[in-house]
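**Q** So that we are looking at the same thing, I have put the structure below in structure tokens.
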Amino acid sequence: MVVKSMTGYGRAIHSLNGREFTVEVRSVNNRYLDCTVKMPRSLSFGEDAVKQAVKAVISRGKVDVSISVQAETADQARVTLNTGVVEGYLDAMHQMVRDYGVCDDISVSTLSRLPEVFTVERPEVDEDALKADLLTVVGEALDRFDQMRTAEGAALKKDLHDRGETILALVSQVEQGNAQTVIDYRTKLYNKLREVLENTAIDESRILMEAAIFADKVAVDEETVRLRSHLDQMNTMLAGGSPMGRKLDFLLQEMNREANTIGSKCTDVRLARIVVDIKAELEKIREQTQNIE
């Protein structure tokens, strides 16, 4: 399975059975699948089939499909002069000249604009065959479109994996620093009491109890374990391939919640800065996730 970007472009031009089809497929980010097809009226009977072909390849994104077709032979339509109608127009116009003395300015351009002067005969179209040809070219455009977003998806996958590794390294720093914070607190508390009480014996058990209360207050073990678990889930999703964007959105909400809780418990300035770095990486992951199908 591969990760795919929601943005892509594909184009195909192909000649089939006397017609040249041009199909372009492009997409941008969107929460759901929104497909718009622009095509000549003569092909409108195939619009639903085109949308189904798109739906089979794309699960979400705003997709625009543009289709044009051009006949390669000149005998696609036969135009003939409707002589009976033309003669009727001429007789009426000549009578108008005789009866009313108006200028006789009858011309070909004048006659050609009148209704039913020409008869246009079009050959019968086999809609099933035409639809099959159309879908063949649509399929080629979708293949190229998919190749582009697969390449972009590979780059996104690597970036998310690398950022996940960066967060794991930062989490390790928080865990180590948090343990040292408790040790420093206990030492500081001991020195403070010794300074205040001078020669009076210090109650070691009280110091240990106070240190334990402080350690419980600033402990981030549960949050870091969950954050590591969420990062493992992200890597599993990336290995599973698209579609996964919506699941990643939810997972990132959970990771941000854990990061915020860790930040609220960190009393050390240095650790607080590390948490800021974690949040910055999570934000970058969120931005990249918006591009994943």
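**Q** Return yes or no: is residue 141 in a helix (DSSP H, G or I), in contact (Cβ under 8 Å) with a residue 60 or more places away in the chain and among the small types (Gly, Ala, Ser)?
**A** It is true that residue 141 is in a helix (DSSP H, G or I), in contact (Cβ under 8 Å) with a residue 60 or more places away in the chain and among the small types (Gly, Ala, Ser).
Yes/no per residue for (1) closer than 30 Å to residue 260 by Cβ; (2) in a helix (DSSP H, G or I); (3) at pLDDT below 60:
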residue	(1), (2), (3)
166	yes, yes, no
169	yes, yes, no
194	no, yes, yes
200	no, no, yes
205	no, yes, no
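**Q** Among the residues in the range 119-135, are any farther than 30 Å from residue 50 by Cα and either of a type in the set (Lys, Arg) or surrounded by 10 or more Cβ atoms within 10 Å (Cβ to Cβ) (or both)?
**A** yes
**Q** Tell me which residues, restricted to the range 26-71, are under 21 Å from residue 241 (Cα atoms) and without any contact (Cβ under 8 Å) to a residue 12 or more places away in the chain.
**A** The one that is under 21 Å from residue 241 (Cα atoms) and without any contact (Cβ under 8 Å) to a residue 12 or more places away in the chain: 56.
**Q** Tell me which residues, restricted to the range 15-24, are surrounded by fewer than 17 Cβ atoms within 10 Å (Cβ to Cβ) and of a type outside the set (Gly, Ala, Ser).
**A** In the first step, residues of the range 15-24 are kept if they are surrounded by fewer than 17 Cβ atoms within 10 Å (Cβ to Cβ); the result is 15-18, 20, 22.
Hits for the range 15-24 are 16, 17, 20, 22.
**Q** If you don't mind, another one. Being aliphatic (A, V, I, L, M), part of a helix (DSSP H, G or I) and surrounded by fewer than 15 Cβ atoms within 10 Å (Cβ to Cβ) is the filter here, so list the residues in the range 65-86 that pass it. Outline the logic, then answer.
**A** In the first step, residues of the range 65-86 are kept if they are aliphatic (A, V, I, L, M); the result is 65, 67, 69, 71, 74, 77, 79, 81, 85-86.
Remaining after also requiring part of a helix (DSSP H, G or I): 74, 85-86.
Selection gives 74 alone.
**Q** Before we move on, is residue 116 at pLDDT 90 or above, part of a loop (DSSP other than H, G, I, E, B) and either at negative phi or surrounded by 10 or more Cβ atoms within 10 Å (Cβ to Cβ) (or both)? Walk me through it before giving the result.
**A** Working: at pLDDT 90 or above: yes; part of a loop (DSSP other than H, G, I, E, B): yes; either at negative phi or surrounded by 10 or more Cβ atoms within 10 Å (Cβ to Cβ) (or both): yes.
Spelling it out, residue 116 is indeed at pLDDT 90 or above, part of a loop (DSSP other than H, G, I, E, B) and either at negative phi or surrounded by 10 or more Cβ atoms within 10 Å (Cβ to Cβ) (or both).
For every residue, the table says whether it meets (1) exposed (fewer than 14 other Cβ atoms within 10 Å of the Cβ); (2) assigned to a helix (DSSP H, G or I).
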{"residue": "26", "(1), (2)": "no, no"}
{"residue": "31", "(1), (2)": "yes, no"}
{"residue": "45", "(1), (2)": "no, yes"}
{"residue": "53", "(1), (2)": "no, yes"}
{"residue": "63", "(1), (2)": "no, no"}
{"residue": "88", "(1), (2)": "yes, yes"}
{"residue": "92", "(1), (2)": "yes, yes"}
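**Q** Then there's this: Could you tell me whether the range 80-103 includes any residue that is out of contact with any helix residue (DSSP H, G or I) (no Cβ under 9 Å at 6 or more places or on another chain), under 28 Å from residue 42 (Cβ atoms) and touching a residue at least 40 places away in the same chain (Cβ under 8 Å)?
**A** Of all residues in the range 80-103, those out of contact with any helix residue (DSSP H, G or I) (no Cβ under 9 Å at 6 or more places or on another chain) come to 80-85, 87-88, 91-92, 94-101.
Imposing the further condition that a residue be under 28 Å from residue 42 (Cβ atoms) reduces the set to 80-82, 85.
From what's left, touching a residue at least 40 places away in the same chain (Cβ under 8 Å): 80.
The answer is yes; a qualifying residue exists.
**Q** If you don't mind, there's one more thing I want to ask. Within the range 253-260, identify whether any single residue is surrounded by 16 or more Cβ atoms within 10 Å (Cβ to Cβ), among the small types (Gly, Ala, Ser), at pLDDT below 90 and not assigned by TED's automatic domain parsing to the domain that holds residue 61, and answer yes or no.
**A** Taking the range 253-260 as the starting set, the residues that turn out to be surrounded by 16 or more Cβ atoms within 10 Å (Cβ to Cβ) are 255-256, 258-259.
Subsequent filtering for residues that are among the small types (Gly, Ala, Ser) retains 259.
Then drop every residue that is not at pLDDT below 90, which leaves none.
Within the range 253-260, none of the residues are surrounded by 16 or more Cβ atoms within 10 Å (Cβ to Cβ), among the small types (Gly, Ala, Ser), at pLDDT below 90 and not assigned by TED's automatic domain parsing to the domain that holds residue 61.
**Q** Run down 37, 69 and say which single residue is of a type in the set (A, V, I, L, M) and modelled with pLDDT of 95 or more.
**A** Working: 69 fails: modelled with pLDDT of 95 or more.
Residue meeting the stated conditions: 37.
**Q** Could you list all residues from the range 119-138 that are of a type outside the set (Val, Ile, Thr) and part of a helix (DSSP H, G or I)?
**A** From the range 119-138, those of a type outside the set (Val, Ile, Thr) are 121-124, 126-135; that's our starting set.
Selection gives 127, 128, 129, 130, 131, 132, 133, 134, 135.
**Q** Output the number of the condition that residue 236 fails; it satisfies all remaining conditions of (1) surrounded by 15 or more Cβ atoms within 10 Å (Cβ to Cβ); (2) at pLDDT 85 or above.
**A** (1)
**Q** Which residues, taken from the range 261-293, are of a type outside the set (Asp, Glu), crowded, with 18+ Cβ neighbours inside 10 Å and part of a loop (DSSP other than H, G, I, E, B)?
**A** Those that are of a type outside the set (Asp, Glu), crowded, with 18+ Cβ neighbours inside 10 Å and part of a loop (DSSP other than H, G, I, E, B): 266, 291.
The values are calculated or read from the model by the stated rules, or taken from the named source; none is laboratory data. Here the structure is a predicted model, which means the values were calculated and not measured. Heads up, the Cβs are rebuilt from the backbone with ideal geometry, glycines too, and the neighbour counts pull from every protein chain shown.
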